[in-house]
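Novice: Quick one: structure below, then a few questions.
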Amino acid sequence: MIEKIFTKIQKLAFNTYVYFLKKRASYGQLPIQLVNYEKLYDKKTGGWYNFYTKGPSFGSVELEVGRFYYAFVQMLQPKMVLETGVFNGYSTACIAAALKDLNNGGHIFGIDPAHIHHLWEKTDLKSLITWIPTLSQEAVSFIEGKIFDLLVLDSDHSYKTIMWELIHFEKYLKVGGHILMHDSLYFDGVGAAVKQLYRNPRFEVITLNSPRTHGNDTRCPGVTIVRKIAEGHPALEYEQEFDDWVIGDASTTPYLRDIQHTTISTN
């Protein structure tokens, strides 16, 4: 009799465990379209196989970075996200998948003028994403009045654009909110904008390497993580000396890693 009772208890416990796993199975998972896209990733170069050119392309962030964005959103649990530079939507979908799993009413707004196929189409992520098909400089009216928990800035990588985005979109980021910036090591234009963030006491900043080699072991893209700790002054300013900066010489040390710039004063 006692054995039968224990057997029933074990069976009930196992069934409860299986039910729990099924309810939690979405954690870390992406729609099948995204999973299939990830199969095109080439870890050696950090690129994505392109059927048209029969070689790697580098439009999407690295798979590791996309999954990092997913984990980052899971950890900080933002509700309102703004992304610039959507491309085909891989990073957007990774963020949206995390928002979906959080089930906290989160939404991501993606700014990009390119009319191309987005990976979130025909998935259950579509309702969490608003695509704004225009340039950043023309998108302010679409986000006016909104307050964001997270900005993901990854558009054309020139200093002119990224600094414009920081100056104009940072005011919509709440205190305690974060900014993610891809390509801050490969593109010196982005690096120059990030350098100002390092020097500004209103922000906490760290820059990490990322896996991409572009197949020739030049600079990796890098990811900068920023936390906004205060409003007000000092305000972000456009520095004319960097006006035409984009990549620079990719065979040299990135601006953010240059030995002449390793000591940063916040005074």
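Novice: Tell me, which residue of segment 51-78 that is open to solvent by less than 40 Å² (accessible area, probe 1.4 Å) and without any contact (Cβ under 8 Å) to a residue 24 or more places away in the chain is nearest to Asp183 (Cα to Cα)?
Specialist: In this case the residue turns out to be Ser57.
Novice: Is there a residue being open to solvent by less than 40 Å² (accessible area, probe 1.4 Å), more than 18 Å from Leu125 (Cα to Cα), at pLDDT 50 or above and assigned to a loop (DSSP other than H, G, I, E, B) anywhere in segment 22-45?
Specialist: There is at least one residue in segment 22-45 that is open to solvent by less than 40 Å² (accessible area, probe 1.4 Å), more than 18 Å from Leu125 (Cα to Cα), at pLDDT 50 or above and assigned to a loop (DSSP other than H, G, I, E, B).
Novice: Looking at the structure I just gave you, is Ile116 among the hydrophobic types (A, V, I, L, M, F, W, C) and at pLDDT below 95?
Specialist: Yes; evaluated as a whole, the condition is true for this residue.
Novice: Within segment 163-185, does at least one residue satisfy the condition of being modelled with pLDDT of 95 or more, in a loop (DSSP other than H, G, I, E, B) and open to solvent by 20 Å² or more (accessible area, probe 1.4 Å)? Break it down into steps so the answer makes sense when it comes.
Specialist: First, the residues of segment 163-185 that are modelled with pLDDT of 95 or more: 163-185.
Restricting the remaining residues to those that are in a loop (DSSP other than H, G, I, E, B) gives 183-185.
Narrowing the set further to residues that are open to solvent by 20 Å² or more (accessible area, probe 1.4 Å) leaves none.
No.
Novice: I'd like to verify a number: residues in segment 117-144 that are more than 15 Å from Ser91 (Cα to Cα) and either open to solvent by less than 70 Å² (accessible area, probe 1.4 Å) or of a type in the set (Gly, Ala, Ser) (or both), how many? Walk me through it before giving the result.
Specialist: Narrowing segment 117-144 to residues more than 15 Å from Ser91 (Cα to Cα): 122, 124, 127, 132-144.
Adding the requirement that they be either open to solvent by less than 70 Å² (accessible area, probe 1.4 Å) or of a type in the set (Gly, Ala, Ser) (or both) leaves 127, 132-134, 136, 139-141, 143.
Going through segment 117-144 one residue at a time, the tally reaches 9.
Novice: Under 9 Å between Cβ atoms, at least 6 apart or on separate chains: pull out the pairs that start in segment 122-134 with a residue that is on the phi > 0 side of the Ramachandran plot and end on any residue that is surrounded by 13 or more Cβ atoms within 10 Å (Cβ to Cβ) and modelled with pLDDT under 95.
Specialist: Sorted first by the residue in segment 122-134, then by its partner, the pairs are Lys122/Pro31; Lys122/Gln33.
Novice: Now a separate question. For segment 241-253, check the following and say yes or no: at least one residue is modelled with pLDDT of 95 or more, over 26 Å from Gly106 (Cα atoms), in a helix (DSSP H, G or I) and β-branched (Val, Ile, Thr).
Specialist: no
Novice: Could you pull out the residue among His168, His182 that is touching a residue at least 40 places away in the same chain (Cβ under 8 Å) and either under 23 Å from Asp42 (Cβ atoms) or under 19 Å from the mean Cα position of the chain (by Cα) (or both)?
Specialist: Among His168, His182, only His182 is touching a residue at least 40 places away in the same chain (Cβ under 8 Å) and either under 23 Å from Asp42 (Cβ atoms) or under 19 Å from the mean Cα position of the chain (by Cα) (or both).
The values are calculated or read from the model by the stated rules, or taken from the named source; none is laboratory data. Everything quoted here is computed from the prediction, not taken from an experiment. Quick reminder, even Gly has a Cβ in these numbers, built from the backbone with ideal geometry, and neighbours come from all protein chains shown. Surface accessibility is based on the protein's heavy atoms, side chains included, excluding ligands, DNA and RNA. Shrake-Rupley method; radii C 1.70, N 1.55, O 1.52, S 1.80 Å.
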